[in-house]
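Asks: Okay, handing you the structure first.
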Amino acid sequence: MRMAELYTIGEKAAIGGYTFTEERIIHFATRFDPQRFHVDKEAARKTLFGNLCASGWHTCAAWMRTFLDYWEKETARLAREGVAPPKLGPSPGFQKLQWLRPVFVDETVSYSVTLLASRPLTSRPGWFLNSILNEGVNQDGTPVIRFEGSVLEFE
């Protein structure tokens, strides 16, 4: 079954959360974004952030991990209900990435996806391009990340 047949355009689905512990922030940043406000608590205090915070790329990677975990559970749920889950392929990209607010130590970001549109690909019969809005809010409900993505679907 197609995504656009299963999910309502504009309906937001909560996909899970991720807690940004000091250990996780430093581990990710040391490997991929070693700026002082991501890897050194004392140095971070002297920056505009005033404290250790997660890399924006870490918040994106956590969204991906959360989405994959959600999608695995969702496909299993659909299969149990006798519904053939949509076959999702790769993403051709994203746009409008916004890091709206820093994510600090021990904050939990709750992520969501909203199906924005779905259209067939004229160049590939049986393939569709789904546009989705991806968002994350902290434990206070304050938006911290937002981006639009695309995911291919095939029959």
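Asks: Please pick out the residue among R119, R146 that is assigned to a strand (DSSP E or B), under 16 Å from the mean Cα position of the chain (by Cα) and surrounded by fewer than 19 Cβ atoms within 10 Å (Cβ to Cβ).
Replies: Going through R119, R146 in turn, just one is assigned to a strand (DSSP E or B), under 16 Å from the mean Cα position of the chain (by Cα) and surrounded by fewer than 19 Cβ atoms within 10 Å (Cβ to Cβ): R146.
Asks: Looking only at the stretch 118-142, count how many residues are touching a Gly at 6+ places or on another chain (Cβ under 7 Å) and among the small types (G, A, S).
Replies: We begin by selecting, within the stretch 118-142, every residue touching a Gly at 6+ places or on another chain (Cβ under 7 Å); these are 132, 134.
Narrowing the set further to residues that are among the small types (G, A, S) leaves none.
Looking only at that region, the number is 0.
Asks: Would you kindly identify the helices (runs of 4 or more DSSP H) lying entirely within the stretch 14-73 that contain at least 3 residues that are of a type outside the set (A, V, I, L, M, F, W, C) and out of contact with any Gly (no Cβ under 9 Å at 6 or more places or on another chain)?
Replies: The helices (runs of 4 or more DSSP H) meeting that bar are 22-32, 41-45.
Asks: Can you tell me which of V83, V109, V103, V113 is out of contact with any Phe, Trp or Tyr (no Cβ under 8 Å at 6 or more places or on another chain) and surrounded by 13 or more Cβ atoms within 10 Å (Cβ to Cβ)? Can you show your working first?
Replies: On the way: V109 fails: out of contact with any Phe, Trp or Tyr (no Cβ under 8 Å at 6 or more places or on another chain); V103 fails: out of contact with any Phe, Trp or Tyr (no Cβ under 8 Å at 6 or more places or on another chain); V113 fails: out of contact with any Phe, Trp or Tyr (no Cβ under 8 Å at 6 or more places or on another chain).
Residue meeting the stated conditions: V83.
Asks: Determine which single condition G10 fails, assuming it passes every other condition in (1) assigned to a loop (DSSP other than H, G, I, E, B); (2) of a type outside the set (S, T, Y); (3) out of contact with any Ser or Thr (no Cβ under 7 Å at 6 or more places or on another chain).
Replies: (3)
Asks: Just to be sure, is V137 under 18 Å from G17 (Cβ atoms), surrounded by 13 or more Cβ atoms within 10 Å (Cβ to Cβ) and either touching an Asp or Glu at 6+ places or on another chain (Cβ under 8 Å) or of a type in the set (A, V, I, L, M, F, W, C) (or both)?
Replies: Values: under 18 Å from G17 (Cβ atoms): yes; surrounded by 13 or more Cβ atoms within 10 Å (Cβ to Cβ): yes; either touching an Asp or Glu at 6+ places or on another chain (Cβ under 8 Å) or of a type in the set (A, V, I, L, M, F, W, C) (or both): yes.
Yes.
Asks: Please go through the stretch 74-107 and pick out each residue that is farther than 18 Å from G149 by Cβ and in a loop (DSSP other than H, G, I, E, B).
Replies: Going through the stretch 74-107, the residues farther than 18 Å from G149 by Cβ turn out to be 75-85, 101-107.
Result: E81, G82, V83, A84, P85, R101, P102, V103, V105, D106.
Asks: Please name all residue pairs, on different chains or six or more residues apart, with Cβ atoms under 8 Å, provided the first residue is in the stretch 20-32 and is closer than 20 Å to R101 by Cβ and the second residue is part of a strand (DSSP E or B) and of a type in the set (A, V, I, L, M, F, W, C).
Replies: Every condition considered, the pairs that remain are F20/F104; F20/V109; I25/C53.
Coordinate-derived values only; no laboratory data. In this text, all values refer to a predicted model and were calculated from it rather than measured experimentally. Reconstructed Cβ throughout: ideal geometry from the backbone, glycine too, with neighbour counts over all protein chains shown.
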